[in-house]
Amino acid sequence: MKRSLALFAVLALSAVGAVSAYQAVARQRDYRKLLGRGDTALREDQTFAAIEAYSGAIALRGDSMLAYLRRGETYQRRGDRGDLDAAARDFRKAASLDPSATHPLESLGDVLYQVQRYGNAADAFTQCLRLDDRSARVSYKLALSRYRDGDVDGALAAVNQSVRLDDRMADAYYLLGICLREKRRMSDALPALEKAVALSPGLIAAREELADVFAALGRRGDELEQLQLLAGLDRDRVERQVAVGLAHARAGHWDLAVLTLGNALERNPDEPQIYRALGQVWLERPRDDRAFLSKARQALERAAASTNAGSDVLTLYGRALLQEGENEAAEHTLQQATSRYPIEPAAFLLYASAAERQNHLDAARNALILYGSVVAEDRDFAARATRIAALSLRTFALGRHGRSGRTVGGRSVVVLIPDAKLSVAVLANVDGEHLDDHALKIAELFAEPE
């Protein structure tokens, strides 16, 4: 009897084992079938069906790194913010299931970069490089993430590693050039950008940076050459022809500038930016002919008539009107220029001149004060302070803001303290007339009002 029971137990256990083995084989078969179905759907761009299939595979095998990776890639392909967040979760899970795999970490970095979480993306790429520090591609991605996160020094270290591993990566040399330019190392940025365009002649962004570096180094001819190449590579963009025309002007090739912009205007007769550039060229061109100013005004009038005319366009137009003596129109145009963002700082100075000509002294004075609030470096501060002082003297009655009765050698000293936090001392005769033609105004910087 005992022997029969033991035999029965052995048979039962064998049967259970056989059933379990069969179920495991069936589950593995179904898992592979679902993976294959997901791959097929993904190739046909049926992302919903692919996600459904990969989710089924995960339900059968929750420890499958591959299933999480494939589903994450599918979510990433869909591209919506919610899908990208789901992709990041799947990539993290895949990385935790196989800590030795680099693919999930690189994919995680890619999707975090897409959602502009650049610091987190850099962390993912750093983890990936700890597993494989010979990947030039991942080093480049790390550099790009650090650059977008504002870490230029970290980006430089990573991109230098990338070009050491692979000196044929045009994008890496382009990023290296940008980083060096950010560090104001123009001479070092130049060969990096030249290498980038040598490796990829059609890399437009690199040529744009190269042209800017040539301009910063004062190499006008080389700048112009790059801009002409850009115009040839990107023929459909009006901005390219405009850039070439303005580069000719900066190099002093006035006739070529007008010719280039005139040809562009023939192809695009209603393009405001061409009128703006042409007006600027006529305005800045040495005045061999009074007609140049008239041509500048006509072109800028067309540009300023656009509903999208910016502060820079209105400033140029106001400048042309001011030079033609159209003071009232200039004042109105320049007032508009000081209220459209981003504001061209020169608009305040020109508006001050136009308002002063119209005897709107307070408006002129306020414009000069506002100019100081929009420029980072005010190299002509002393001259501007003197103008503010002179306008203050003309705007406010002497003694309105304070008067000192102290005498110096029989002459009185009148102290006026305007709103600009400048105190201006004017030496005057007892009867109020200035001592000399210069009015002897002394601007004491940053004096506090009494």
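The values are calculated or read from the model by the stated rules, or taken from the named source; none is laboratory data. This structure is a prediction, so every number in the text was calculated from the model and none was measured. Glycine also receives a Cβ, built like all others from the backbone with ideal geometry; neighbour counts cover every protein chain displayed.
Consider Arg276 against the criteria (1) in contact with a Lys or Arg (Cβ under 8 Å, 6 or more places away or on another chain); (2) under 26 Å from Thr333 (Cα atoms): it satisfies all of them except one. Which criterion is unmet?
The one condition Arg276 does not meet is (1).
Which numbered condition in (1) surrounded by 17 or more Cβ atoms within 10 Å (Cβ to Cβ); (2) modelled with pLDDT under 90; (3) more than 37 Å from the chain's Cα centre (by Cα) is the only one that Leu422 fails?
Among (1) surrounded by 17 or more Cβ atoms within 10 Å (Cβ to Cβ); (2) modelled with pLDDT under 90; (3) more than 37 Å from the chain's Cα centre (by Cα), the lone unmet condition for Leu422 is (3).
So, Tyr351, is that one in a helix (DSSP H, G or I) and of a type in the set (Ser, Thr, Tyr) or not? Give the steps one after another, and end with the answer.
Numbers: in a helix (DSSP H, G or I): yes; of a type in the set (Ser, Thr, Tyr): yes.
So Tyr351 passes the test.
Of these, Gln280, Gln273, which one is assigned to a helix (DSSP H, G or I), touching a helix residue (DSSP H, G or I) at 6+ places or on another chain (Cβ under 8 Å), at pLDDT below 95 and buried (at least 24 other Cβ atoms within 10 Å of the Cβ)?
Being assigned to a helix (DSSP H, G or I), touching a helix residue (DSSP H, G or I) at 6+ places or on another chain (Cβ under 8 Å), at pLDDT below 95 and buried (at least 24 other Cβ atoms within 10 Å of the Cβ) holds for just one of Gln280, Gln273, which is Gln280.
Can you report the number of residues in the stretch 244-301 which are within 20 Å of Leu314 (Cβ to Cβ) and of a type in the set (D, E, K, R)?
7
Can you pull out the residues in the stretch 223-251 that are over 19 Å from Arg276 (Cβ atoms), crowded, with 20+ Cβ neighbours inside 10 Å and of a type in the set (D, E, K, R)?
Answer for the stretch 223-251, where residues must be over 19 Å from Arg276 (Cβ atoms), crowded, with 20+ Cβ neighbours inside 10 Å and of a type in the set (D, E, K, R): just Glu223.
If Lys295 satisfies all but one of (1) assigned to a helix (DSSP H, G or I); (2) touching a helix residue (DSSP H, G or I) at 6+ places or on another chain (Cβ under 8 Å); (3) in contact (Cβ under 8 Å) with a residue 24 or more places away in the chain, what's the number of the condition it fails?
Single failed check for Lys295: (3).
If I filter the stretch 161-176 down to residues being within 26 Å of the chain's Cα centre (by Cα) and closer than 15 Å to Asp132 by Cα, which single residue comes out as surrounded by the fewest Cβ atoms within 10 Å (Cβ to Cβ)?
The qualifying residue surrounded by the fewest Cβ atoms within 10 Å (Cβ to Cβ) is Gln161.
Consider Ser294 carefully, then state whether it is surrounded by fewer than 20 Cβ atoms within 10 Å (Cβ to Cβ) and either closer than 21 Å to Ile274 by Cα or touching an Asp or Glu at 6+ places or on another chain (Cβ under 9 Å) (or both).
So Ser294 fits the description; yes.
Being closer than 29 Å to Gln127 by Cβ, exposed (fewer than 12 other Cβ atoms within 10 Å of the Cβ) and either modelled with pLDDT of 90 or more or in contact with a Leu (Cβ under 8 Å, 6 or more places away or on another chain) (or both) is true for just one of Asp85, Asp63. Which residue is that?
Asp63 is the lone residue from the list that is closer than 29 Å to Gln127 by Cβ, exposed (fewer than 12 other Cβ atoms within 10 Å of the Cβ) and either modelled with pLDDT of 90 or more or in contact with a Leu (Cβ under 8 Å, 6 or more places away or on another chain) (or both).
Does Arg207 meet the test of being at pLDDT below 95 and outside any helix (DSSP H, G or I)? Spell out the reasoning first.
Values: at pLDDT below 95: yes; outside any helix (DSSP H, G or I): no.
No.
Going residue by residue through the stretch 208-216, is there one that turns out to be free of Cβ contacts under 8 Å to residues at least 60 places away in the same chain and farther than 27 Å from Leu144 by Cα?
no
For Arg184, work out the one condition from (1) in a loop (DSSP other than H, G, I, E, B); (2) within 30 Å of Gly262 (Cα to Cα) it doesn't fulfil.
Here Arg184 clears every test but (2).
Might you check whether a residue that is outside any helix (DSSP H, G or I) and among the basic types (Lys, Arg) occurs anywhere in the stretch 114-129?
yes
List pairs: first in the stretch 343-372 and of a type outside the set (Val, Ile, Thr), second at pLDDT 90 or above and in a loop (DSSP other than H, G, I, E, B), Cβ under 6 Å, 6+ apart or cross-chain?
Cβ pairs passing all conditions: Ala347/Thr338; Phe348/Thr338; Tyr351/Thr338.
If I filter the stretch 200-220 for residues that are of a type in the set (Asp, Glu) and closer than 30 Å to Ala95 by Cβ, do I get at least one hit? Walk me through how you get there before you give the answer.
Of the stretch 200-220, the ones of a type in the set (Asp, Glu) are 208-209, 212.
With closer than 30 Å to Ala95 by Cβ added as a condition, the list becomes none.
Looking through the stretch 200-220, none of the residues is of a type in the set (Asp, Glu) and closer than 30 Å to Ala95 by Cβ.
Assess whether Gly232 counts as being under 21 Å from Ala211 (Cα atoms) and not in a helix (DSSP H, G or I).
The answer is no for Gly232.
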